[in-house]
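The values are calculated or read from the model by the stated rules, or taken from the named source; none is laboratory data. Small disclaimer: the values here were computed from a predicted structure and weren't measured. Here Cβ is always computed from backbone atoms with ideal geometry, including for glycine, and neighbour counts include all displayed protein chains. Please note that ligands, DNA and RNA were not included when accessible areas were found on the heavy atoms of the full protein model with its side chains. Shrake-Rupley method; radii C 1.70, N 1.55, O 1.52, S 1.80 Å.
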Amino acid sequence: MAVSAGADTGTVAVLDVGKTNVKLNAVTSDGFVLETLSVANPVLPGPPWRHHDLESLGEWIFASLAELGRRHPLQTFVAAGHGSGGVLVCDDPDMAAGAALPMIDYEQPVPEKIQLGYAPLSGSFFDRGSATMHSATHQARQLYWMQEHAPEAVAAARWYLGLPQYWAWRLSGVAASEASLLGAQSHLWNVADRRFAPIVGARGWRSLMPDFADAWQVLGSARPALVRRHGLPEGLHVLAGGHDSSLNHYRYHAGGLRDFIVVSTGTWIVGFSGRTALDRLDEHRGMTLNSDVFGRPLGGVLTMGGREFSHVAGREPPDAAVPDDVVLGLIAKRTMTMPSFGDDDGLFPGSAGRGRISGPPPETPIERKALALLYCALLTAECVEALGPGPLVVLDGSFLRDPLYARLVAALLPNRRVRFNLDTYGVASGAALLASEGRRQRPAPLSLADPGDVSHLSPAVAVYASQWRARARAGHNSGFSRDFERTYR
């Protein structure tokens with residue numbers, strides 16, 4: 001039976017494990033971040049593959065948890081993490097960071113033999129929840145690689161744990177599986193049918209998968225040996241934790257929203273909707289089937305917007321906000337960015353590596369930034385339209401640092417209500433709110449802003465978007481400025 005944290009959750013310690021950086025936050029029970037400590041997520045070279053340094057990271061996490069505990073009344077710990085990370089563990093969480101084999105860096109290239117062997121085992125789209133993406137992105141492919149490389153180590157291992165559950169296990173000694181993490185393109189869990197993907201049984205992995213726990217379930221308390229060794233808070237409750245983007249989505253659910261699409265921006269543009277019909281999902285257009293923290297399907301779409309932005313805006317875009325007349329000037333000249341610069345097709349099949357600038361190239365740093373914002377707003381609108389119906393679109397993430405982004409998205413989606421959230425700690429807030437799941441008497445505080453009047457943008461943006469969309473979908477990447485590409489890529 002799922003168990004929630006106690007009535008008085010106090011301050012919540014939220015561990016947010018990203019690919020590049022790790023943050024430990026002290027967060028109030030209603031989701032406000034009080035303090036954040038951060039560190040780079042260390043990666044070591046092979047052999048046998050590039051891998052994360054879990055031992056040094058663990059020492060930092062435990063020391064930082066003790067430090068935060070001296071300044072805040074921490075009563076609950078919960079971890080959030082990306083869906084491309086998992087750890088094969090042994091019985092002892094203290095021996096070699098508990099890892100039976102090193103944790104694979106998901107940007108590590110996969111040997112061709114592993115790619116070819118994995119592909120026929122990976123199942124249907126619903127078994128995978130996504131297309132098969134680049135490098136070592138999927139947990140099932142990582143585990144397949146481990147088993148092919150070191151079958152004895154896999155046979156002797158105790159559990160395979162997603163990142164949040166790994167850190168919960170390190171603290172509490174209790175292992176759990178969790179739906180939102182496994183439903184984040186792990187290729188291990190079929191969200192639609194709520195069952196493990198066929199590869200789990202075919203490769204003999206079922207015994208490595210612990211029983212499921214809800215993201216808000218208390219697995220236990222911090223182990224006494226860890227408490228003594230590191231000076232951790234006594235009686236710290238440890239929750240199962242969940243997938244970072246699903247926890248950001250949960251933050252809006254906890255704030256009382258029900259029929260909405262959320263689009264988060266950063267390295268990836270990630271869109272989620274609980275209303276998207278399963279037959280609408282198209283793996284060839286960057287669409288995914290994720291899970292919310294309740295185990296329910298979330299239609300998803302993702303594209304590497306942050307990296308696309310950097311290709312267009314240049315290495316050091318100006319901090320100044322982009323004036324509307326700059327972007328209107330680019331629209332008038334029909335200067336367009338056509339996808340995609342990176343090695344991911346995103347929403348446009350076959351576009352990887354074909355990103356170009358069409359029309360007169362931008363001449364100044366502020367024009368380049370304006371063009372990058374316009375391009376990313378177009379990608380955002382494509383994400384929303386791919387997800388289907390939904391009267392409310394909520395934007396959050398790093399693109400909102402420039403007010404033009406939200407106004408452009410609102411102009412591109414005239415038949416929807418667009419709102420934005422300037423908070424930069426959605427994952428930490430959503431994770432902390434898990435501690436009061438099932439006992440919340442009223443919606444959690446949530447501040448959404450209106451982009452304002454966009455009538456001066458809408459007519460020009462509508463015509464431009466129609467032309468851009470037709471070209472992007474048809475793949476008409478002709479007449480591009482290669483001088484721009486050589487200078488600014």
Restricting to segment 387-414, give me the number of residues that are of a type in the set (D, E) and under 19 Å from the mean Cα position of the chain (by Cα). 1
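Results for (1) closer than 16 Å to A175 by Cα; (2) more than 26 Å from the chain's Cα centre (by Cα), shown as yes or no for each residue.
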{"position": "T36", "(1), (2)": "no, no"}
{"position": "P42", "(1), (2)": "no, no"}
{"position": "P48", "(1), (2)": "no, yes"}
{"position": "D53", "(1), (2)": "no, no"}
{"position": "G83", "(1), (2)": "no, no"}
{"position": "L88", "(1), (2)": "yes, no"}
{"position": "A97", "(1), (2)": "yes, no"}
On the basis of being in a loop (DSSP other than H, G, I, E, B) and under 18 Å from L181 (Cβ atoms), does G300 make the cut? no
Looking at segment 367-378, I want the residues that are without any contact (Cβ under 8 Å) to a residue 40 or more places away in the chain and have a partner that is hydroxyl-bearing (S, T, Y) and open to solvent by less than 10 Å² (accessible area, probe 1.4 Å) with Cβ atoms under 7 Å, at least 6 apart or on another chain. Which pairs are those? A377/Y405
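Here are G274, G300, G266: which of them is open to solvent by 10 Å² or more (accessible area, probe 1.4 Å) and within 21 Å of D344 (Cβ to Cβ)? Break it down stepwise before answering.
Details: G274 fails: within 21 Å of D344 (Cβ to Cβ); G300 fails: open to solvent by 10 Å² or more (accessible area, probe 1.4 Å).
That would be G266, the only listed residue that is open to solvent by 10 Å² or more (accessible area, probe 1.4 Å) and within 21 Å of D344 (Cβ to Cβ).
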Go through segment 192-208 and give me each residue that's open to solvent by 10 Å² or more (accessible area, probe 1.4 Å) and in a loop (DSSP other than H, G, I, E, B). A192, D193, R194, R203, G204
Report yes if some residue within segment 100-107 is at pLDDT 95 or above and in a strand (DSSP E or B); otherwise report no. yes
Members of segment 311-334 found to be open to solvent by 40 Å² or more (accessible area, probe 1.4 Å), in contact (Cβ under 8 Å) with a residue 24 or more places away in the chain and part of a helix (DSSP H, G or I), listed by number: H311, L328, A332, K333
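Would you list the helices (runs of 4 or more DSSP H) that sit entirely within segment 345-461 and hold 2 or more residues that are touching a Gly at 6+ places or on another chain (Cβ under 7 Å) and at pLDDT 95 or above? Walk me through it before giving the result.
On the way: elements: 365-387, 403-412, 426-433.
Ranges flagged: 365-387, 426-433.
Would you check if there is a residue in segment 335-342 being part of a loop (DSSP other than H, G, I, E, B), farther than 21 Å from S245 by Cα, free of Cβ contacts under 8 Å to residues at least 60 places away in the same chain and hydrophobic (A, V, I, L, M, F, W, C)?
Going through segment 335-342, the residues part of a loop (DSSP other than H, G, I, E, B) turn out to be 335, 339-342.
Among the residues that remain, those that are also farther than 21 Å from S245 by Cα are: 335, 339-342.
Going one step further and asking which of them are free of Cβ contacts under 8 Å to residues at least 60 places away in the same chain, we end up with 335, 340, 342.
Still in the list and also hydrophobic (A, V, I, L, M, F, W, C): none.
No, segment 335-342 contains no residue that is part of a loop (DSSP other than H, G, I, E, B), farther than 21 Å from S245 by Cα, free of Cβ contacts under 8 Å to residues at least 60 places away in the same chain and hydrophobic (A, V, I, L, M, F, W, C).
I need the strands (runs of 3 or more DSSP E) fully contained in segment 1-98, keeping only those with at least 1 residues that are in contact with a helix residue (DSSP H, G or I) (Cβ under 8 Å, 6 or more places away or on another chain), buried (at least 24 other Cβ atoms within 10 Å of the Cβ) and of a type outside the set (V, I, T). Write out each step before concluding.
Numbers: elements: 11-17, 21-27, 33-40, 74-81, 86-89.
Filter on segment 1-98 gives 11-17, 21-27, 74-81, 86-89.
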Please indicate, with yes or no, whether at least one residue in segment 223-240 is crowded, with 19+ Cβ neighbours inside 10 Å and under 30 Å from A150 (Cα atoms). yes
For segment 108-128, how many residues are touching a His at 6+ places or on another chain (Cβ under 8 Å) and open to solvent by 50 Å² or more (accessible area, probe 1.4 Å)? 0
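Test R228 against the stated conditions and say whether it is more than 20 Å from the chain's Cα centre (by Cα) and over 18 Å from E385 (Cα atoms).
Yes: the conditions hold for R228.
Among the residues of segment 355-383, how many are of a type in the set (V, I, T) and crowded, with 23+ Cβ neighbours inside 10 Å?
2
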Looking at W216, W159, W145, W189 in this structure, which one is open to solvent by 10 Å² or more (accessible area, probe 1.4 Å), touching a residue at least 12 places away in the same chain (Cβ under 8 Å) and in contact with a Cys (Cβ under 9 Å, 6 or more places away or on another chain)? W159
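Kindly indicate whether any position in segment 125-134 is under 24 Å from the mean Cα position of the chain (by Cα) and more than 20 Å from G162 (Cα to Cα).
Pass one, segment 125-134, residues under 24 Å from the mean Cα position of the chain (by Cα): 125-134.
Remaining after also requiring more than 20 Å from G162 (Cα to Cα): 125.
So far as segment 125-134 goes, yes, one or more of its residues are under 24 Å from the mean Cα position of the chain (by Cα) and more than 20 Å from G162 (Cα to Cα).
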Criterion violated by A140 - all others in (1) more than 16 Å from N290 (Cβ to Cβ); (2) at pLDDT 95 or above satisfied: (1)
